[in-house]
Every structure is written in structure tokens, then in C-alpha cells.
Amino acid sequence: MEQWAELRREHFVAGKSIKELARSTGLSRNTIRRALRSDRPPGYRRASWPSVLEPFKPEIHRLLKENHALSGVRVRELLGPLGCTASKTVVDDYLREVRPLFAPAPRTFQRTVYRPGEVCQFDVWEPRDEVPVGHGQTRRGWVVIACLGFSRAGAGVLVFSKETEDLLAGIAGCLQRLGGLPRTLVWDRQAGIHARDGRPTDAFASFCGQLRVGWHFCAPADPQAKGVVERLQGYAETNFEPGRVFANELDFQDQLDAWFVKVNARTHKTLRARPVDRLAHELEVMAPLPERMPDTARRWTMRVPPDPHLRLDTNDYSLEPALVGRRVEVTCDQRTVTAVALDTGEVACRHARTFARHRTITAFEHARALRSRHRDVSAETPVEVRPLARYDALIACPAPAASSRICSGHSRRPPPRALCPSSPTGPAPRSGRSSSSPPRS
């Protein structure tokens with residue numbers, strides 16, 4: 001190759017003749033002439049031989065037309081009875097070449113540019129390890145992640161279920177951390193948010209209506225439609241959780257907030273800018289947050305039972321004992337559990353919510369009230385104390401004669417008479433008369 005290029009350079013550039021080139025290189029003149037006439041560099045080219053699959057290619061095409069995903073192993077099995085002896089490598093190489101001709105056209109994607117304040121994409125991420133919740137217990141948790149389309153600023157909120165109330169609480173928490181309201185909330189078809197056929201649930205529609213924002217649901221099995229938050233979620237899976245230790249759910253949320261502050265301040269690879277800088281410009285366009293976010297707490301009414309406790313998530317929370325038998329409204333959010341009497345508005349309880357399992361949470365004032373009520377009840381109940389001599393007299397007095405009873409056609413014998421203390425062997429005297437008095441005539 002190098003010699004061929006040198007000969008052409010010496011002849012066409014330096015102007016040497018073929019005779020001079022033959023004298024300086026020792027090559028024959030005919031070899032030099034062929035090198036100068038050839039426009040392609042010299043190389044070894046073997047004559048092509050027909051492939052061993054050549055007679056079976058129409059059958060392979062027919063099989064792929066019926067099923068484009070047919071494996072190479074199955075193709076070799078079907079070609080075996082026809083006399084095909086091609087190796088696995090030969091068959092696989094040919095299938096790799098012709099399979100795209102029979103497969104459906106692959107989906108193509110375009111890069112989307114979002115206007116400031118236009119969309120905010122949401123997704124639910126499940127951490128790999130369970131989250132400590134106190135009392136030596138751990139619990140499975142989820143993180144609602146939000147990412148703005150223009151600035152790529154993100155936020156996340158930890159929840160312990162994928163029920164509608166918890167998901168809405170996660171959305172509200174993310175919007176509060178971002179500091180504004182976008183025009184549209186983008187979700188996949190997450191249960192609790194999406195009802196069916198692209199329609200929202202009543203709770204999610206009410207939530208968006210109160211915030212004056214719109215919603216959009218992606219098509220089924222189309223995570224690429226919200227790739228902004230998917231990329232942020234993947235970054236959190238590989239960079240937030242590994243190597244961290246959490247004391248409880250509050251520590252998890254604190255570390256998550258601090259991590260998002262750091263992430264939003266880094267230079268984004270695609271934008272070539274910091275999300276926190278673009279967020280400042282985006283907040284100028286976004287609608288401000290309301291003074292009070294929509295209520296996402298669980299609410300239900302119940303009657304205070306004789307055992308004044310309410311059960312929530314396998315835990316029992318104490319209630320005011322004085323409200324036994326009255327109806328109360330229970331409100332449960334991500335931090336507190338509160339109950340209020342419906343008739344008078346008295347506070348039945350106010351507890352910090354615990355996410356551990358099978359615990360009993362009792363307020364000190366409720367425990368004192370229960371103890372005092374039990375003490376008063378025991379003091380008011382009179383108990384008669386009888387002397388033992390009364391029991392002895394009841395045992396010693398004669399018992400009345402028992403009449404015979406007929407039960408199922410059989411008679412019962414009356415019980416034996418009690419003996420008188422003065423005559424241990426004889427029967428007791430009748431009508432109080434002594435045995436020595438004469439009978440009446």
C-alpha cells in the first residue's frame with residue numbers, strides 16, 4: 001500500500017519516468033505501469049462463494065414473514081428436515097441482517113423543547129431498601145418525584161402507600177418545594193390518579209380544579225413520553241440511595257431535600273445550564289402557590305367505642321374517654337391524626353402519626369382520665385359484707401319438703417329431710433312442737 005502510493009507520488013508529483021522508477025525501486029516496468037494505471041490501492045480479493053443458506057433463504061423469509069421474532073434456534077430446527085446443515089453463527093448472522101425487513105417499523109423519537117412553566121412531569125419511584133420507621137421496624141416506601149420540563153428542577157416526597165390521598169399529598173409537597181404551579185401536570189396511568197380511558201379520578205380532578213391546573217395522561221406503556229422525570233428518577237436510583245443510612249422517615253425526607261438542592265445546582269448535561277438558574281426564570285411565568293394547598297387528608301366519621309381508641313394502619317390511637325358513645329370526625333394526614341366531636345367540636349385526640357406497625361399510642365391525659373373514671377366507678381359500687389354466722393344459720397335451718405316432679409314420665413324422689421341439731425338421729429319436729437308434748441284429742 002505504501003509503495004503503491006510512493007510510486008504514484010514520485011511519478012505524478014515529482015515527475016520521474018517509469019525507467020527511473022524501475023531503476024530506483026528494482027521493480028519491473030510492467031509492475032510500475034499497472035500501479036500507475038490503477039485508481040484503487042492493491043489488495044487481496046477472494047472470489048465470492050454462494051452461501052450454504054442460499055437454497056433455504058426463501059424458506060427463512062417465509063418463516064420470518066409469519067413471525068418476525070422467531071429465534072435462530074427454532075429456525076435451524078425447522079430447516080433441519082429440509083437438509084440445511086448451516087451452523088448457528090451462519091444462521092444468526094443472516095437473521096440479524098434480514099430480520100428488520102420483516103419486523104414492524106421501529107418507533108422514532110424527537111427531542112422536545114418545553115416553554116417555561118408549561119409542564120411538570122410526575123412519577124413514583126420505589127427505593128430498593130425499606131425505610132426505617134422507628135420501634136426497630138422498617139417499611140416499604142415510595143417517592144413521588146416531580147420535574148419541570150423547562151428548567152429540569154426536581155423535587156421528591158416520601159409516602160408509604162400508593163393510595164390516592166398519599167399520592168396527592170406527594171404532588172402537593174413537590175409543588176411546594178418547586179415554588180410554583182405549572183400549566184399541566186403530566187402523569188402516566190398510575191392507579192389512584194388515572195381512572196380509565198384517559199380520565200382522572202374524582203379526587204385528582206378536584207385537586208387540579210382547586211389549583212387551577214390541567215392534567216395530561218400518557219399513552220399506556222409509553223414511559224418515553226415523560227422522559228424528563230424518568231431520567232431524573234434513574235439518576236436518583238443510582239446516586240441518592242446507595243451508601244446512605246436513614247434513622248427514620250423524617251431523616252429520609254431531610255436527606256432527599258438536601259440531595260435535590262445539590263442536584264438542582266449542578267450543570268445539566270443536556271441544557272448546559274444549572275436548573276436552579278433556569279428555575280428562577282420559570283417561576284416568573286408560573287402561577288403562584290395558593291395560600292393554602294388543597295386538603296389531601298383522609299377523613300371519616302366513627303362512634304367512640306367503650307374502649308376509646310381508633311384504628312389506623314394497624315395502629316391504635318387513644319381518644320378522649322368522656323366522648324364514649326359520641327360521633328367524631330377523624331382527619332389523618334402525613335404527620336398528624338386528629339379527631340373532633342361532631343356535636344360540640346371538642347378535640348377528641350391529636351397525635352403525631354407513626355408509620356410503624358401494630359402499635360398503641362396513648363396520650364397521657366387520656367390515660368389519666370381513664371384511670372380516674374375507673375376509680376370513681378369502683379368507689380360508687382356498694383358491696384354488702386355479710387357475717388359468716390348468717391351462712392351457718394342458713395345451712396342449719398330445715399329445708400322445705402320438695403314436691404315430686406314428673407319429668408318425661410318418671411317421678412323423682414324428694415330430697416332427704418335435714419336433721420335437727422337437737423336430735424341428730426330423728427326427724428325434725430313439726431310446727432315447732434317438741435316430741436314430748438301429748439297429741440291433741
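Below are the figures for this structure:
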quantity	calculated
Rounded to 5, percent antiparallel among DSSP beta bridges of region 119-283	70
For the chain, built as a Gaussian network whose Cα springs stay under 10 Å, the top-fluctuating residue of T336, T362, T31	T31
Amide proton proximity set for D123, modelled H, under 5 Å, gap of 5+	I145
Calculated from backbone phi, Karplus (6.51, -1.76, 1.60) coupling profile of region 234-240 in Hz, x at Gly/Pro	x, 5, 5, 4, 9, 10, 9
Under-5 Å amide H pairs with H268, H placed in peptide plane, nonlocal only	A273, R274
Nearest-20 debye value, region 298-378 charge dipole, Cβ charges on Lys, Arg, Asp, Glu	200
Rough spin-label spacing in nm, given labels placed 7 Å along Cα→Cβ, for D257 and T301	3.6
Summed residue charge, Cβ within 14 Å of G198's Cβ, Lys/Arg positive, Asp/Glu negative	0
Cα gyration tensor shape for region 119-283, rounded if a/c is under 1.5, else prolate or oblate	oblate
Among G43, V113, G198 - extreme Cα towards positive end, dipole of the chain, charges at beta-carbon	G43
GNM flexibility winner over the chain from V73, V119, V131 (Cα, springs under 10 Å)	V73
GNM result for the chain, Cα springs below 10 Å: residue of R368, R311, R46 fluctuating most strongly	R46
Residues E346, E10, E284 arranged by fewest to most Cβ contacts within 10 Å	E284, E346, E10
Relative packing of 154-164, 324-334, 136-146, 243-253, which averages over residues the other C-beta atoms within 10 Å, highest first	154-164, 136-146, 324-334, 243-253
5 angstrom amide H check on D316, placed H, neighbours 5+ away	R359, T360, I361
Listed residues Q253, H281, L27: farthest to the positive end of the dipole of the chain (Cβ charges)	L27
Theoretical ellipticity at 222 nm over the chain - DSSP helices of four or more residues, -39500 (n - 2.57) apiece, nearest 500	-10500 deg cm²/dmol
Three-way shape call for region 75-149 based on the alpha-carbon gyration tensor, with the a/c threshold at 1.5	oblate
Region 119-283 - charge dipole about Cα centre, Lys and Arg +1 at Cβ, Asp and Glu -1, debye rounded to 20	700
Phi to ³J(HN,Hα) by Karplus 6.51 cos²θ - 1.76 cosθ + 1.60 over region 258-268, Hz, x for Gly, Pro	5, 5, 5, 4, 5, 5, 5, 9, 7, 7, 6
Neighbourhood charge, 12 Å Cβ-Cβ cut-off, centred on E329 and excluding it, Lys, Arg +1 and Asp, Glu -1	+3
Net charge dipole size for the chain [Lys, Arg +1 and Asp, Glu -1 on Cβ; Debye, nearest 20]	1320
Radius 10 Å from Cβ of Q210, net charge of other residues (Lys, Arg +1; Asp, Glu -1)	+1
Ranked packing of 197-203, 317-323, 89-95, most packed first, by mean Cβ within 10 Å	317-323, 89-95, 197-203
Cα gyration tensor shape of region 147-231, rounded if a/c is under 1.5, else prolate or oblate by comparing a/b with b/c	rounded
Residue (of V90, P220, H68) at the positive-pole extreme of the chain, dipole from beta-carbon charges	V90
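Rule-based calculations on the coordinates, nothing more; no lab input. Only a predicted model underlies this, so the values are computations on that prediction, with no experimental measurement involved. Don't worry about glycine lacking a Cβ; one is built from the backbone with ideal geometry, like all the others, and counts go over all protein chains shown.
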